[in-house]
There are 4 protein chains.
Amino acid sequence: MMITFENDYSCGAHPAVLARLLETNLVPQPGYGEDRYSESARTKIRAACGCPDAEIHFLSGGTQTNAVVLASLLKPWEGVVAAQTGHIHVHEAGAPEALGAKILALPEHLGKLDPAELRSLVRTLLADENVEHMVYPGVVYLSHPTEWGTLYSRAELEAISAICREYGLRLYLDGARLAYGLTAEGTDVDLPLLARLCDAFYIGGTKCGALCGEAVVFPKGGPVHFRNFIKKHGAMMAKGRLCGVQFDALFTDGLYFEIGRRGVETARRLKTILAKHGVPCFMDTPTNQQFAILENGRYAALREKLPVGFWSCPDPEHTVVRFATAWYTTDEYLEELDRLL
Amino acid sequence: MMITFENDYSCGAHPAVLARLLETNLVPQPGYGEDRYSESARTKIRAACGCPDAEIHFLSGGTQTNAVVLASLLKPWEGVVAAQTGHIHVHEAGAPEALGAKILALPEHLGKLDPAELRSLVRTLLADENVEHMVYPGVVYLSHPTEWGTLYSRAELEAISAICREYGLRLYLDGARLAYGLTAEGTDVDLPLLARLCDAFYIGGTKCGALCGEAVVFPKGGPVHFRNFIKKHGAMMAKGRLCGVQFDALFTDGLYFEIGRRGVETARRLKTILAKHGVPCFMDTPTNQQFAILENGRYAALREKLPVGFWSCPDPEHTVVRFATAWYTTDEYLEELDRLL
Amino acid sequence: MMITFENDYSCGAHPAVLARLLETNLVPQPGYGEDRYSESARTKIRAACGCPDAEIHFLSGGTQTNAVVLASLLKPWEGVVAAQTGHIHVHEAGAPEALGAKILALPEHLGKLDPAELRSLVRTLLADENVEHMVYPGVVYLSHPTEWGTLYSRAELEAISAICREYGLRLYLDGARLAYGLTAEGTDVDLPLLARLCDAFYIGGTKCGALCGEAVVFPKGGPVHFRNFIKKHGAMMAKGRLCGVQFDALFTDGLYFEIGRRGVETARRLKTILAKHGVPCFMDTPTNQQFAILENGRYAALREKLPVGFWSCPDPEHTVVRFATAWYTTDEYLEELDRLL
Amino acid sequence: MMITFENDYSCGAHPAVLARLLETNLVPQPGYGEDRYSESARTKIRAACGCPDAEIHFLSGGTQTNAVVLASLLKPWEGVVAAQTGHIHVHEAGAPEALGAKILALPEHLGKLDPAELRSLVRTLLADENVEHMVYPGVVYLSHPTEWGTLYSRAELEAISAICREYGLRLYLDGARLAYGLTAEGTDVDLPLLARLCDAFYIGGTKCGALCGEAVVFPKGGPVHFRNFIKKHGAMMAKGRLCGVQFDALFTDGLYFEIGRRGVETARRLKTILAKHGVPCFMDTPTNQQFAILENGRYAALREKLPVGFWSCPDPEHTVVRFATAWYTTDEYLEELDRLL
């Protein structure tokens, strides 16, 4: 049997999503997201967010979504504050900069921004007598779960949001793996909270059960002519129905959360298996990504048998390796891992 | 029954494409187009093009593909020559310019570039003593079928390609609707010809049977680090398999051509129906798009009953309306149109 | 003696401008345009425009000014309407596009936009059902004098400005050679008119007596944080005093207009000399640029003896050649030309 | 008497530079840097660099030069490595990012890059299995003197250059204040060394005696069509002679070095005055910028009497203040400072 822990986008779509695509396949609909399925999905997402006036758009992937939304939120004189480990800063090949957005990087703490450091940066920049020659802080970028699988608490998000409001910044949250964050044990963060605190966030589809697609939510309304902006950046899908149908399925009968729970639960069991085999974790994380420290030889041996994700080299003898679970991670996956370690 | 002639992306995917997605759904594969389905699709497309060394990438949509490929083909001092009616010049919301590419527009002749005018433009620009202050011609953009549904002949493409070679330009062909072009009656253009004449072209999926996706072909090899370039412009799909599986299906057992023939054949019958009801065509076209001239009142009445595409207003009393057929255009569609006219 | 008619930037600065640079050279002043000379120049320009609230910035050159001001005036969904012969469209190496601005080109009539064609373009674009996939008209670009040395009348500018207001567009005027336009015989256009009709325009320095520098005028106030925007695009001069001192001199005792008159008057005499030698003009123009049609052999012979500007090739036997005069064109220049023809 | 230590661009041009502008003012010359003065300046700079084949261009200011040269040196997949305090990263309003260049920031050590950290960053990035999703290191940016007035040693530059060659990176050096660096006590860095080690560097004019202008040197030849690239980014001066004449003067009879020595010598004396008044320096620097730590009250009192440059707030009670000297810093300046402290 073929198994993988390399990432959370190794299989196609959750079967219920695919079923819905099949079912709706031959019903003709307008293009560009003006189809009835997209509209239905938007209604369901608005309800899940407790935010009946939210403006919602579907884009095809995460890097694209981050670049387009950030560019739309930034004024020409502004940049985006992010943790040094932020996906936009590390793993998007310079996509934000390709649209002219400078990233103002702050230290990371378990992958997260520290509110006090954020406040200090913003205050210092705005008070600088040379600010006219600098990039003003305009948007704060958070990922939740972070790139290390960690989560912000409600209190942390409240604190960051308060700083944004105090200084006129916008808050944007990258929810590529939001399903796994919303269903993690002990989290006190939910969609209505995000809708209340953020100026924009996206609900990840690609890594949470869809073939592709991310749902961008602007709780207080989006930028003027944002659809034109999407088109201008090559991110408008002719068959907008593809995302619409999928998100409609994901937000029917709580499927999105069921998917999240499956990823989280299998990650919990995976952690137990790693521990059983004496593999230490790089940090403790409550979501679907686990980062294990493997001695280089063991890493080399393991990856011949099963795909895992290279993450970093903390020292010359060890490698940090990502094990990701997802909605498709079955018992067989875990049993096989147990055998291989 | 619900029918539409508004465009050729009103339904989902061709059933055989969807079936293949279903079938492969739970087989884990690497991301970012390194899956076995993408590899298989590439092999089949190379075979269909008679071009075993072609480099092939899958992107999600046409505007994105045009912008990214053009930006990759252009040197910093170059622009792209296109017909005034070219999709990149009219209907892409300035996407090429958003990546810094100036369009050097030439008159259109039934939607096509005229080789003699192309040669004259290139020669004049390169001979201009002020060329250092101008944009050099770098790439020639063709759409085939054009935005008016017309086709280049083999001789025309040979002539344009020869001019490109003579002056060191690259030739790029936008094949958003290529299936309908390759199967049109009387055409002498095929994939091997395109592979021989073009530096890059794309085989359209979205409008030819896929849920999304375009296959970019670089017959002589692609730009250095083109995958990084795709990523940088937000066009890299995490689940690259989505395009891979679909193109693998489209290039199995000639499905892509079968889809084309269906669109062309129904368009031919549609033309007969229009004629029967005294609706003149704006120009004669051999592919799946027909442009009819409707008196404004008749247009208003018709669009209440069935979606068609607004195209332009040739005079204050008339509207040019696009009727598009596709692989999903059944007899019922045509019969219903006959009733409604 | 060395003479030239190649362009209007062949010599240094008008002696009175240079004298003022010498005089102020060792008075320390703040950088970045916050010096007292820049402030004085702004006050004088505001007075000359009859516009006490105008916001004024000094940039170093024309292409830079056009690109930066246009980018600041355009919304992300907008492009700039210009005549096909507009400097931004032909001779700026794609600088507007490098900042993402698409140019919507209209036919030229003696180098000018036709108000009726402008209205028709704007109306058609805004009414197009596919406008979301297109570039909205946002700014109208005029050059005055045009690239052909011609001038708009007050009535034409009023008409164009009225269209801009009706449809919410901004009007921008490129005054690279404004001195020669404001002093041409028969013109009814003056600075207060421009300040009343335009959202932004620039008063050219480089071609009108300065070493470098253009004064951008926003009669109704400029874009937010425009100084930061200038810096971001590399157009902020550390020694802002360089432009300030020069424009202060140009707007003292009517020097700018004296410079203009000299260019216009010598061009008038140049035209007489051309006629005397049987050299026809390509079109009749009232400013400092004259475009003559020379048989190719004569052109080749002439340019060996004196620099003139290549313009275009109307047919294989002839070349259109620009003869430009300026504040430094003395009687000796004209006598030498008379001898050489 | 009016004095200032705010920066090194508070006065106009060195008198010898201005004299040369006056002397050449009415000699007609071609535009765009093709004049004889620019050519003469290039010849002298090549000689000073011991690099007869160097390609040399003149641009108007430092931020512009950095952005344009970096953009020309970077491949689409690359970014630029710089110290966290690098001018391009802090005080250029995001100009590099506006041209799409991501900055890969490293810690600073007295304003400098550490070769070992550079090697480690490059090695790590190039070895990362996810590098295709990252920004490759392409150019190393150094400022010399740095923003803190410090200098690299010959050995440090050799080490950094060797790393660049080993990994295929280009080395670019920002010499905005190069005159003061080349003439600092104890430096072992000279122009021929820079020409040997760098792929590009610029010799600063604006802060070293000119009204404006920086001389970009490509010792091994510049990018293809670089003049068109300059124009495209609005950095081509019509009166290229303005920079040409000035650099010709600066590189005649060692004026550039004389200017440097004056700035360095007055800075040395300034340091003595600060010490005499018990004002500590933030760090010891051998060039024309001195950074003093002032108690906030004393800073507030001082700046009412004389312009100095705000730099940073190391703690709530103190301010770091920049005292800059230049070619125009006379004994009177120093005596006045002595009185005011």
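Per-structure values
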{"item": "Top of C:Gly94, C:Gly260, C:Gly175 by mean-square fluctuation, Gaussian network on chain C, Cα under 10 Å", "result": "C:Gly94"}
{"item": "Percent antiparallel among DSSP beta bridges (both partners in the protein assembly as shown, rounded to 5)", "result": "55 percent"}
{"item": "Chain C: antiparallel DSSP beta bridges as a percent of all, rounded to 5", "result": "55 percent"}
{"item": "Proximal charge balance of B:Asp338 [Cβ under 13 Å; K/R count +1, D/E count -1]", "result": "+1"}
{"item": "D:Arg154 accessible area, assembled protein chains, probe 1.4 Å, Å²", "result": "80 Å²"}
{"item": "Ordering of D:63-69, D:328-334 by packing [mean C-beta count within 10 Å, highest first]", "result": "D:63-69, D:328-334"}
{"item": "Peptide D:9-17, shielding by other chains (average Cβ, 10 Å cutoff)", "result": "6"}
{"item": "Cysteines not pairable in chain B (beta carbon separation under 4.7 Å absent)", "result": "B:Cys11, B:Cys164, B:Cys198, B:Cys208, B:Cys212, B:Cys243, B:Cys281, B:Cys313"}
{"item": "Greater than 23 Å apart at Cα, pairs in A:Lys207/B:Lys232; A:Lys231/B:Lys232; C:Lys75/C:Lys220; A:Lys239/B:Lys220; B:Lys232/D:Lys220", "result": "A:Lys239/B:Lys220; B:Lys232/D:Lys220"}
{"item": "Those lysines that a straight Cα-Cα span of less than 22 Å connects to D:Lys276, excepting residues fewer than 8 apart in one chain", "result": "D:Lys305"}
{"item": "Residue among C:Pro15, C:Pro316, C:Pro192 with the largest mean-square fluctuation in a Gaussian network model of chain C, springs linking Cα atoms under 10 Å", "result": "C:Pro316"}
{"item": "Qualifying GluC sites (Glu not before Pro) in the stretch A:115-180, DSSP loop, other Cβ atoms within 10 Å at most 13", "result": "A:Glu129"}
{"item": "Table column - 3J(HN,Hα) (Hz), the stretch A:98-111, Karplus curve with 6.51, -1.76, 1.60, x for Gly and Pro", "result": "4, 9, x, 8, 7, 9, 9, 7, 10, x, 9, 10, 6, x"}
{"item": "GNM result for chain A, Cα springs below 10 Å: residue of A:Asn130, A:Asn296, A:Asn228 fluctuating most strongly", "result": "A:Asn130"}
{"item": "Percent RCO, i.e. relative contact order, over the stretch D:176-241, from Cα pairs under 8 Å lying at least 6 residues apart", "result": "27 percent"}
{"item": "Calculated P(r) tail over 18 Å for the stretch A:1-97, as whole % of Cα pairs", "result": "68 percent"}
{"item": "Where A meets C: accessible area buried, both sides, 1.4 Å probe, Å²", "result": "1600 Å²"}
{"item": "Tensor-based shape of the protein assembly as shown (alpha-carbon gyration tensor, a/c under 1.5 rounded, otherwise prolate or oblate)", "result": "oblate"}
{"item": "Accessible area of the protein assembly as shown divided out per residue, in Å², using a probe of 1.4 angstrom", "result": "33 Å²"}
{"item": "Overall form of the stretch A:75-185 per C-alpha gyration tensor (a/c, 1.5; a/b vs b/c)", "result": "oblate"}
{"item": "Protein-only accessible surface order, largest first, of A:Asp8, D:Asp53, B:Asp128, C:Asp190 at 1.4 Å", "result": "D:Asp53, C:Asp190, B:Asp128, A:Asp8"}
{"item": "Other-chain or far-sequence residues with amide H under 5 Å of C:Ser312's (modelled H)", "result": "C:Val320"}
{"item": "For chain A, projected area of the alpha-carbon convex hull averaged over all directions, nm²", "result": "17.8 nm²"}
{"item": "Whole-percent carbon and sulfur share, accessible surface of the protein assembly as shown, 1.4 Å", "result": "53 percent"}
{"item": "Rounded accessible area of B:Ser40 (nearest 10 Å², 1.4 Å probe)", "result": "40 Å²"}
{"item": "Column: log10 I(q)/I(0), Debye, Cα scatterers of the stretch C:20-75, q = 0.12, 0.13 Å⁻¹", "result": "-0.39, -0.46"}
{"item": "Relative contact order %, chain B, counting alpha carbon pairs below 8 Å whose residues are six or more apart", "result": "25 percent"}
{"item": "Value at 222 nm in deg cm²/dmol, rounded to 500, when DSSP H runs of n ≥ 4 in chain A each add -39,500 (n - 2.57)", "result": "-12500 deg cm²/dmol"}
{"item": "For the stretch D:175-308: rounded, prolate or oblate by the Cα gyration tensor [a/c cutoff 1.5]", "result": "prolate"}
{"item": "Peptide-level mean, for B:32-39, of C-beta atoms on other protein chains within 10 Å", "result": "1"}
{"item": "Range of Cα positions in the stretch B:287-341 per principal axis (Å), largest first", "result": "34, 23, 13"}
{"item": "In sequence order, calculated HN-Hα J values of the stretch A:263-275 (Karplus, 6.51, -1.76, 1.60; Hz; x Gly/Pro)", "result": "x, 5, 5, 5, 5, 4, 5, 4, 4, 4, 5, 4, 4"}
{"item": "Shielding by other protein chains, A:98-106, mean Cβ within 10 Å", "result": "6"}
{"item": "Electrostatic dipole magnitude of the stretch A:255-341 [Cβ: Lys, Arg +1; Asp, Glu -1; Cα centre; debye, to 20]", "result": "100 debye"}
{"item": "Solvent-accessible area lost in complex, 10 Å² minimum, residues of the stretch B:56-74 relative to chain alone, 1.4 Å", "result": "B:Ser60, B:Thr63, B:Gln64"}
{"item": "Relative contact order (percent, whole number), the stretch D:1-117, Cα cutoff 8 Å, 6+ residue spacing", "result": "16 percent"}
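The values are calculated or read from the model by the stated rules, or taken from the named source; none is laboratory data. Quick caveat: nothing in here was measured; it's all calculated off a predicted structure. Please note: Cβ atoms are built from the backbone with ideal geometry, for glycine as well, and neighbour counts cover all protein chains shown. When the accessible area is computed, the model is the full protein with side chains, heavy atoms only, and any ligands, DNA or RNA have been set aside. Shrake-Rupley method; radii C 1.70, N 1.55, O 1.52, S 1.80 Å.
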